[in-house]
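Chemist: Below are the structure tokens for one structure; questions will follow.
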Amino acid sequence: QVQLVESGGGLVQAGGSLRLSCAASGRTFSSYAMGWFRQAPGKAREFVAALSFSHGNTYYADSVKGRFTISRDGAKYTVYLQMNSLKPEDTAVYYCALDALPVQFDESHYDYWGQGTQVTVSS
């Protein structure tokens, strides 16, 4: 069955960096997109970034554009989220998820989800 395994969360000071990874397994995902979402306490889960495995196109929320970079590990179905210049408002549980193409920004379209990893940015 499809599995998504996340890693890389932690505690960092404002202005610091973290890299999250998400490894997908269980089938071929050439016609899928990998998305990252986050959920802060008391808030709804929101879109952060996405990458199309088919074309390599990337997409970002305005709040992270220029600070976060989503990338793929070669031909593997492992996706990274490099987070730089972190701010306290980036504190959240981060989830990776898979969605059949085309890329969607609404979480309801995503079929498979990782377990989530906590990112805490101190001021």
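The values are calculated or read from the model by the stated rules, or taken from the named source; none is laboratory data. In this text the structure is predicted, and so the values were computed from the model without any measurement. Backbone-built Cβ (ideal geometry, glycine too); neighbour counts: all protein chains shown. The area values use the complete protein model at the heavy-atom level, side chains included, leaving out ligands, DNA and RNA. Shrake-Rupley method; radii C 1.70, N 1.55, O 1.52, S 1.80 Å.
Chemist: Does the range 36-48 hold any residues that are charged (D, E, K, R) and in a strand (DSSP E or B), and which are they?
Modeler: Going residue by residue through the range 36-48, those that are charged (D, E, K, R) are 38, 43, 45-46.
Of everything in the range 36-48, those that are charged (D, E, K, R) and in a strand (DSSP E or B) turn out to be R38, E46.
Chemist: Does R38 satisfy the condition of being in contact with a Lys or Arg (Cβ under 9 Å, 6 or more places away or on another chain), modelled with pLDDT of 95 or more and under 19 Å from L4 (Cα atoms)? Lay out the reasoning, then the answer.
Modeler: On the way: in contact with a Lys or Arg (Cβ under 9 Å, 6 or more places away or on another chain): yes; modelled with pLDDT of 95 or more: yes; under 19 Å from L4 (Cα atoms): yes.
Yes: the conditions hold for R38.
Chemist: Anything in the range 18-35 that is hydroxyl-bearing (S, T, Y), assigned to a loop (DSSP other than H, G, I, E, B) and farther than 12 Å from D99 by Cα? List them, or say none.
Modeler: As a first pass, look at the range 18-35 and keep what is hydroxyl-bearing (S, T, Y): 21, 25, 28, 30-32.
If we keep only those that are assigned to a loop (DSSP other than H, G, I, E, B) too, we end up with 28, 30-31.
Result: T28, single match.
Chemist: Out of everything in the range 26-45 that is surrounded by fewer than 15 Cβ atoms within 10 Å (Cβ to Cβ) and charged (D, E, K, R), what residue ends up being farthest from the chain's Cα centre (by Cα)?
Modeler: Kept after step one, since they are surrounded by fewer than 15 Cβ atoms within 10 Å (Cβ to Cβ), are these residues of the range 26-45: 26-28, 30-31, 40-44.
Now narrow it down to the ones that are charged (D, E, K, R): 27, 43.
Values: R27: 19, K43: 17 Å.
Applying the filter and picking the extreme gives R27.
Chemist: Applying the selection to the range 102-122, what residues are assigned to a loop (DSSP other than H, G, I, E, B) and under 14 Å from the mean Cα position of the chain (by Cα)? Reasoning before the result, please.
Modeler: If we filter the range 102-122 for residues that are assigned to a loop (DSSP other than H, G, I, E, B), which is where we start, we get 102-106, 110-111, 114-116.
Answer for the range 102-122, where residues must be assigned to a loop (DSSP other than H, G, I, E, B) and under 14 Å from the mean Cα position of the chain (by Cα): V103, Q104, F105, D106, Y110, G114, Q115, G116.
Chemist: Let me ask another. When the range 28-48 is examined, which residues are found to be touching a residue at least 24 places away in the same chain (Cβ under 8 Å) and among the small types (G, A, S)?
Modeler: S30, S31, A33, G35, A40
Chemist: Looking at the range 88-99, is at least one residue part of a loop (DSSP other than H, G, I, E, B), open to solvent by 60 Å² or more (accessible area, probe 1.4 Å), in contact (Cβ under 8 Å) with a residue 24 or more places away in the chain and not hydrophobic (A, V, I, L, M, F, W, C)? Talk me through it step by step, then tell me what you get.
Modeler: Going residue by residue through the range 88-99, those that are part of a loop (DSSP other than H, G, I, E, B) are 91.
Still in the list and also open to solvent by 60 Å² or more (accessible area, probe 1.4 Å): none.
No; the residues of the range 88-99 include none that is part of a loop (DSSP other than H, G, I, E, B), open to solvent by 60 Å² or more (accessible area, probe 1.4 Å), in contact (Cβ under 8 Å) with a residue 24 or more places away in the chain and not hydrophobic (A, V, I, L, M, F, W, C).
Chemist: Determine if the range 52-65 includes at least one residue that is more than 10 Å from the chain's Cα centre (by Cα) and within 17 Å of G8 (Cα to Cα).
Modeler: No: the range 52-65 contains no residue that is more than 10 Å from the chain's Cα centre (by Cα) and within 17 Å of G8 (Cα to Cα).
Chemist: Another one. I'd like to verify a number: residues in the range 54-76 that are in a loop (DSSP other than H, G, I, E, B) and either open to solvent by 70 Å² or more (accessible area, probe 1.4 Å) or at pLDDT 95 or above (or both), how many?
Modeler: To start, the set of residues in the range 54-76 that are in a loop (DSSP other than H, G, I, E, B) comprises 54-57, 61-67, 73-76.
From what's left, either open to solvent by 70 Å² or more (accessible area, probe 1.4 Å) or at pLDDT 95 or above (or both): 55, 57, 61-67, 75-76.
Total meeting the criteria: 11.
Chemist: Scan L11, L81, L4, L51 and give me the residue that is assigned to a strand (DSSP E or B), surrounded by fewer than 14 Cβ atoms within 10 Å (Cβ to Cβ) and either in contact with a strand residue (DSSP E or B) (Cβ under 6 Å, 6 or more places away or on another chain) or in contact (Cβ under 8 Å) with a residue 12 or more places away in the chain (or both).
Modeler: Values: L81 fails: surrounded by fewer than 14 Cβ atoms within 10 Å (Cβ to Cβ); L4 fails: surrounded by fewer than 14 Cβ atoms within 10 Å (Cβ to Cβ); L51 fails: surrounded by fewer than 14 Cβ atoms within 10 Å (Cβ to Cβ).
The conditions single out L11.
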